[in-house]
Amino acid sequence: MSMRSGVSKMAAKNCEIIFNRTIELFRRNLWRKSSRNVVFIRNLSTPNVFAAMSLKQNRLKDENSSNSEHNLTTPFDTFINRNPKNPEYFGYNKQRGYSTQYKKRNFFKRLNLVLTNRHIKAYVEDQHGKILAKASTEEFDIRKHLFKANDVSAAMNIGHIIADRCLHAGLNRVSMYTTDIRKKEKFQEFRKAVTSRGIELTEPARVIPPQTFYTGISVKKKRKGIIGMKINNSTKRKFT
C-alpha cells in the first residue's frame, strides 16, 4: 500500500509539472504573436485591456488635434447677442427724438416723478413706454407709514423705495428729464434719496458709428478768387 501511495504522489506531481510547463509555453506563444491593437507589453499575469484602449484613444486624439491645428477656422456668419442690456452699457442703438419734442425719447430707461395735490408717484419706463418699476403713495403698504402723502418726507421715502426696486430689477443707471419741478424741495429730496442708494441718474452718451457713405467721393477744392481792385479810366482806355 505504501508503494502504491508513493507512486500515485509522484504521478500527481509529474502531472502538475507538465501542466504548468504547457501553460507557460501557451502563454509565451500567445504573447509573441504580433497584434496591431496592442499598444504596450505587460505581464500576462495581470492583463489590463482598458489601459491599452485608453492609450490608443489618447493617441488618436493627439493626431486629430494636430490635424485640426493646420485647418483654418472660419468666422461666424451671424452673431447673436444674448445680453439685452449690452447696448445700454456702451451707448449703442439709442433712440432719438425730435428737437422740438417736449419730452425727448433719447433714453434707454427714464425715471419719472409725478407730483399731485394728493399723492406722489415715481416710475421707470423704457423706450417703448413699458413700466419696469413703480412706487406711489397710493399703495396701502407705503401710505400707512407716512404722515402725509404729498409732503417732502413722502417724496424722500418714495425715492428710497423706487431706488430699491430698481436695484432688485437690475437697473443701476437711469435718466431723469424734468424741467418744471426741478426747483421744488420735493424733487431735490427725491433726487438725493435715489442717488444715495447707488442709482446713477445719467446714461452713457450715444455712440454714433462712423459714416462711410461718402468715402469714395473726392470733393474738388474751390479755387481762390483774385481780390478785386479798382482800375483808373486811363488804364481802361489802353485796352479799348
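Things to note:
- Close amide H partners of residue 107, meaning residues 5 or more places away or on another chain with modelled amide H under 5 Å apart, are 95.
- Ellipsoid semi-axes for the range 128-178, based on the Cα gyration tensor and the rule √(5λ), read 22, 12, 11 Å when sorted largest first.
- Amide H partners (placed H, <5 Å) of residue 137, local residues excluded: 120
- Out-of-range pairs (alpha-carbon distance over 24 Å; input 103/148; 104/130; 130/183; 94/192; 103/144; 103/184): 103/148; 130/183; 94/192; 103/144
- Using alpha carbons only: equivalent-ellipsoid semi-axes of the range 109-197, gyration tensor based, whole Å: 19, 15, 12
- For 137, 116, order by how many other beta-carbon atoms lie within 10 Å, fewest first: 116, 137
- Order of 115, 167 under a 10 Å beta carbon neighbour criterion, fewest first: 167, 115
Readers should treat all values here as calculations from the given coordinates under stated rules, not as data from a laboratory. Values in this document were obtained by computation on a predicted structure and should not be read as measured data. Note: ideal-geometry Cβ built from the backbone for every residue, glycine included; neighbour counts use all protein chains shown.
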